[in-house]
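The structure under discussion appears below in the form of structure tokens.
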Amino acid sequence: MVNLENNALEKEEQTISFIQRNIDVITAILLLTGQITIIGVFVTPGGFRISIGGPLTGISRLEGKQKNRIASWFIDIIDIIIATLLIHDQIRVLGTFTSSKRFTLTVSGPIFGVSRAEPSALSQVNKEFNSFQKIVSQHFYVDPALVEKLTKE
């Protein structure tokens, strides 16, 4: 029984890894084709994350000031470096930042001082969520009727 559970967990993690890898490769292709570009950098203690976006994500493409070709080439070189790091699995897409009518992707990894984001099985996420719910319910009163109303599918 335990072996079957372990196999199921491994299969879930492999599926999530496959999806994550495809997201990274697609993001690299979008960078190389100029559909998205670097938008900004988030500096955090011990590392940094790069924000990328473009017309596909509702943001205008970053270009050199007053159409400065050298600055635009520099931005393109940064995009190529980011794409290369994604393809070589040195960095990964970590998540998105969503706002009104637009979103950006955030990429980072150990090379930028941010620990590698490893996929975990969905069942493990559910266990952690249930544990969180248990802890919260011990310390805070939440009206069960409200919870039922909000969690109806």
Inset, instruction - Looking for whichever is within 22 Å of Glu118 (Cα to Cα), modelled with pLDDT of 85 or more and either surrounded by 12 or more Cβ atoms within 10 Å (Cβ to Cβ) or not aromatic (Phe, Trp, Tyr) (or both) here; the options are Ile78, Ile87. Which one fits? - result: Ile87
Inset, instruction - Spot the failing condition for Asp24; the list is (1) among the charged types (D, E, K, R); (2) more than 18 Å from Ile91 (Cβ to Cβ); (3) in a helix (DSSP H, G or I), and only one is missed. - result: (2)
Inset, instruction - Please enumerate the residues belonging to segment 101-135 that are aromatic (Phe, Trp, Tyr) and at pLDDT below 80. - result: Phe129
Inset, instruction - Tell me, yes or no, whether segment 49-72 has at least one residue that is at pLDDT 90 or above and farther than 23 Å from Ser100 by Cβ. - result: no
Inset, instruction - Could you please give the count of residues in segment 9-34 that are in contact with a Lys or Arg (Cβ under 9 Å, 6 or more places away or on another chain), open to solvent by 50 Å² or more (accessible area, probe 1.4 Å) and at pLDDT below 90? - result: 0
Inset, instruction - Please identify the pairs in which a residue from segment 128-139 that is surrounded by 10 or more Cβ atoms within 10 Å (Cβ to Cβ) has its Cβ atom under 8 Å from the Cβ atom of a residue that is among the β-branched types (Val, Ile, Thr) and not in a helix (DSSP H, G or I), counting only partners at least 6 apart or on another chain. - result: Val136/Val142
Inset, instruction - Inspect all residues belonging to segment 71-94 and state whether any of them is over 18 Å from Thr57 (Cα atoms), in a helix (DSSP H, G or I), touching a helix residue (DSSP H, G or I) at 6+ places or on another chain (Cβ under 7 Å) and without any contact (Cβ under 8 Å) to a residue 12 or more places away in the chain. - result: yes
Inset, instruction - Pull up segment 35-75, narrow it to residues that are closer than 21 Å to Phe112 by Cβ and either charged (D, E, K, R) or open to solvent by 90 Å² or more (accessible area, probe 1.4 Å) (or both), then point me to the one that is nearest to the chain's Cα centre (by Cα). - result: Arg49
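The values are calculated or read from the model by the stated rules, or taken from the named source; none is laboratory data. Source: prediction; values computed, not measured. Methodologically, a virtual Cβ is constructed for each residue, glycine included, from the backbone with ideal geometry; neighbour enumeration extends over all protein chains shown. The area values use the complete protein model at the heavy-atom level, side chains included, leaving out ligands, DNA and RNA. Shrake-Rupley method; radii C 1.70, N 1.55, O 1.52, S 1.80 Å.
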